[in-house]
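Input: a single structure, listed below in structure tokens.
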Amino acid sequence: MNNFAKIIEIERGNIKFAYVQNDEINYLDLFDQFLAEEGHHELLDPSDRIERYTYLINHEKTKFIFKIDGGVEHRLERRIIAKLTGDFYFNLIHKLAKISLDKCDIAYELYLVAFDKVTKRHYMIFNFIEGRSLKWEEMATYGEQIKNCIEKLHSYNLVSNDIHGGNFILTPEGTIKAIDLTNSGFIWLTKANDAIELRERFGIKIKVPVIAMTIKKFTHGFKRLSRKIRGKKD
């Protein structure tokens, strides 16, 4: 059983870990087992971004998602923000643990995060959520659930920042869960991205700080004007 109140942080050689204590599954052992068998698991949703892979793994009749992120941020402003706010994934495991402790069933669970200081790779172990991604045309149909889901995520200072059907799972029970979340950067401002995308794409309205919406509306308008001038479509 997972104890989300206890996240253990250790270093082993060049790798730093943060993982949830579990009385039945040793996530460090699961991590080692995966690395020993890397390349022999089912690859899910191959990314077009270099060094980002997602695998489905089975362990004692339980399914897990194992993600590798070897992407290095080259943009100076993003690197500065990361220095100020801390490691994206190590922050994420604590925020998702709080959601699980509150029994707020709106997102996936993150059990382990590892960072290799030499290769600059991040590794994550998530739970596998049974169900399917929403289709674009279904977003409005499940609008109220999506609205509640995003508003609750915002209350934990988590955002989607990429609102589309593929980032929401419809479970067999008919509930909606969000995946592929963001918790880095200026969250109060990024929340406005969610609000704008929900309203403009799917007609779903959520509340965010007025100043954040004002800034984002201006930047979105400027980008559109810039693209129009350069002859590019939205």
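Search the stretch 174-200 for residues being among the polar types (S, T, N, Q) and either part of a strand (DSSP E or B) or touching a strand residue (DSSP E or B) at 6+ places or on another chain (Cβ under 6 Å) (or both), and hand back the single one that is surrounded by the most Cβ atoms within 10 Å (Cβ to Cβ). Step through it out loud before you land on a result.
Initial filter on the stretch 174-200 (among the polar types (S, T, N, Q)): 175, 182-184, 190, 193.
If we keep only those that are either part of a strand (DSSP E or B) or touching a strand residue (DSSP E or B) at 6+ places or on another chain (Cβ under 6 Å) (or both) too, we end up with 182, 190.
On the way: Thr182: 17, Thr190: 21.
Looking at the filtered set, the residue picked out is Thr190.
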What single numbered condition from (1) at pLDDT below 90; (2) basic (Lys, Arg); (3) surrounded by 13 or more Cβ atoms within 10 Å (Cβ to Cβ) fails to hold for Arg49? (3)
List the residue pairs whose Cβ atoms are under 8 Å apart, where the first residue sits in the stretch 177-201 and is at pLDDT below 85, the second is part of a helix (DSSP H, G or I) and of a type in the set (Gly, Ala, Ser), and the two are 6 or more positions apart or on different chains. Ser184/Ala82; Trp188/Ala212; Leu189/Ala212
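The values are calculated or read from the model by the stated rules, or taken from the named source; none is laboratory data. Treat the numbers as computed from the prediction; the structure is a model and nothing was measured. Backbone-built Cβ (ideal geometry, glycine too); neighbour counts: all protein chains shown.
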